[in-house]
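This report concerns only the one structure given below.
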Amino acid sequence: MYGVLAEWRPVVDETMESLLPRTIDDAYLADFFGEPTYSYDSTALQEALSDPIWNLLDRGGKRWRAVLFLMFVEAFGDDPESYLEYAVIPEVLHNGTIIVDDVEDGATHRRGESALHHTHGTDIALNAGNAMYFLPLKIIIRNPAQLPADVRLNAYEMLMYELNRTHLGQGMDIRWHNQKEIDITESEYLEMCACKTGCLGRIVARLAAIVTDNPDAESAVAEYAEDMAIAFQIADDVLDVEYALEEGGDFGKGVGNDVREGKKTLMAIHAAEHASPEDAARLEEILWADGNTDDEVREAVDILESTGSVEYARTVAEDLSESSKARLDALDLEPDPASKLTTFAEFVVERDV
């Protein structure tokens with residue numbers, strides 16, 4: 001699966017440059033945003049939009065949302081290269097949410113470097129992140145695949161529906177981050193993931209079904225993507241803790257980030273329910289603290305491990321991965337890309353980075 005991601009990433013990045021070039025000039029601004037009423041300041045927009053956005057994009061990221069979209073297009077029997085512009089829609093949206101989330105969460109780092117609001121300022125970061133919610137919609141308007149008007153309307157309405165729900169997920173996550181007690185139910189946590197992470201996955205799958213005119217498959221592929229995306233999120237949280245549990249883990253280099261950020265993960269919810277009252281209270285205290293020492297991070301991780309919460313979360317992620325794969329069984333998909341979609345659902349819980 002890493003090979004497939006590596007193969008498509010340069011193509012995806014090149015396509016994203018057609019949406020937002022690395023160098024902004026007056027001609028691009030007039031063509032993309034319309035003629036100015038008076039005069040654009042292309043230098044200011046270079047520094048406020050293109051530079052910070054590409055700073056983040058160039059740091060890495062697997063581009064799996066764009067690649068998954070292209071897999072779906074191929075599975076529906078169409079040519080992925082004919083829909084490359086549409087593949088960048090979920091990828092740009094995702095990276096926009098990252099910038100805003102980092103500000104809201106008070107994150108210090110992203111992809112191995114300082115978070116964008118630390119390198120460029122909170123005002124520029126928020127504006128750039130918000131712009132990334134809207135820039136991809138221009139692709140629907142420009143209509144590179146010459147889609148009929150009703151198909152474009154369906155795509156636009158779908159994007160509005162799913163994007164609105166992402167903010168429900170983020171709203172719940174923010175509220176939980178700002179409360180000391182872990183009084184969240186597992187179903188509430190999974191709903192948060194379904195909105196915050198799952199909706200971006202649903203956008204990938206639903207958009208592919210819409211633009212390739214496969215309405216009967218839209219619901220099933222959306223459920224596949226939602227289950228897979230939730231599994232990805234939980235597995236990501238588990239990886240953070242499992243690395244911290246490894247012998248010789250260096251707690252001074254970002255290990256145990258979820259503990260340091262006070263995240264109320266599925267593991268924390270499970271541990272709060274199954275730990276002794278003393279350990280549960282101590283876990284809440286560590287997660288609530290403004291900062292943690294390495295020893296405190298170790299202490300929290302040990303509580304998660306001793307209550308079986310790490311293994312429990314991994315099992316939930318694996319079950320969701322299996323559910324995701326089952327969603328594809330009733331669909332008439334091309335065999336080879338369908339096999340890749342199955343492998344992808346396994347990859348999200350089996351990866352080690």
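The values are calculated or read from the model by the stated rules, or taken from the named source; none is laboratory data. As the structure is a prediction and not an experimental result, all values here were calculated from the model. Don't worry about glycine lacking a Cβ; one is built from the backbone with ideal geometry, like all the others, and counts go over all protein chains shown.
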Considering the range 66-95 alone, what residues qualify as being closer than 24 Å to Thr119 by Cβ and not polar (S, T, N, Q)?
-> Val88, Glu91, Val92, Leu93, His94
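Table: residues versus (1) crowded, with 17+ Cβ neighbours inside 10 Å; (2) closer than 21 Å to Ala131 by Cα.
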position: Met172; (1), (2): yes, no
position: Trp176; (1), (2): yes, no
position: Leu200; (1), (2): yes, yes
position: Ala209; (1), (2): yes, no
position: Asp213; (1), (2): no, no
position: Glu218; (1), (2): yes, no
Among (1) modelled with pLDDT of 95 or more; (2) crowded, with 18+ Cβ neighbours inside 10 Å; (3) out of contact with any Lys or Arg (no Cβ under 9 Å at 6 or more places or on another chain); (4) over 30 Å from Ser82 (Cβ atoms), where does Val241 come up short?
-> (1)
What about Ile230, is it under 19 Å from Tyr86 (Cα atoms) and under 16 Å from the mean Cα position of the chain (by Cα)?
-> no
Going through the range 27-65 one residue at a time, which ones are part of a loop (DSSP other than H, G, I, E, B), of a type outside the set (Lys, Arg) and within 27 Å of Arg110 (Cβ to Cβ)?
-> Asp58, Gly60, Gly61
Starting from the range 3-26, keep only residues that are free of Cβ contacts under 8 Å to residues at least 12 places away in the same chain, then list their pairs with residues that are outside any helix (DSSP H, G or I) and surrounded by 13 or more Cβ atoms within 10 Å (Cβ to Cβ) whose Cβ atoms are within a distance under 6 Å, requiring at least 6 positions of separation or different chains.
-> none
Conditions (1) crowded, with 18+ Cβ neighbours inside 10 Å; (2) within 30 Å of Gly256 (Cβ to Cβ); (3) not charged (D, E, K, R) -> Ser114 fails only (1)
Check Ala131, Ala149 and return the single one that is more than 26 Å from Thr265 (Cβ to Cβ), at pLDDT 95 or above and exposed (fewer than 14 other Cβ atoms within 10 Å of the Cβ).
-> Ala149
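Conditions tested, residue by residue: (1) in contact with an Asp or Glu (Cβ under 7 Å, 6 or more places away or on another chain); (2) under 30 Å from Cys193 (Cβ atoms); (3) at pLDDT below 95.
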| site | (1), (2), (3) |
| --- | --- |
| Leu5 | no, yes, yes |
| Glu17 | no, no, yes |
| Leu29 | no, no, no |
| Pro36 | no, no, no |
| Gln46 | no, no, no |
| Phe69 | no, yes, no |
| Gly96 | no, yes, no |
| Arg110 | yes, yes, yes |
| Glu113 | no, yes, yes |
In the range 260-286, what residues are within 20 Å of the chain's Cα centre (by Cα) and either modelled with pLDDT of 95 or more or not basic (Lys, Arg) (or both)?
-> Glu261, Gly262, Thr265, Leu266, Met267
If you go through the range 82-127, how many residues are within 30 Å of Gln146 (Cα to Cα) and hydrophobic (A, V, I, L, M, F, W, C)?
-> 6
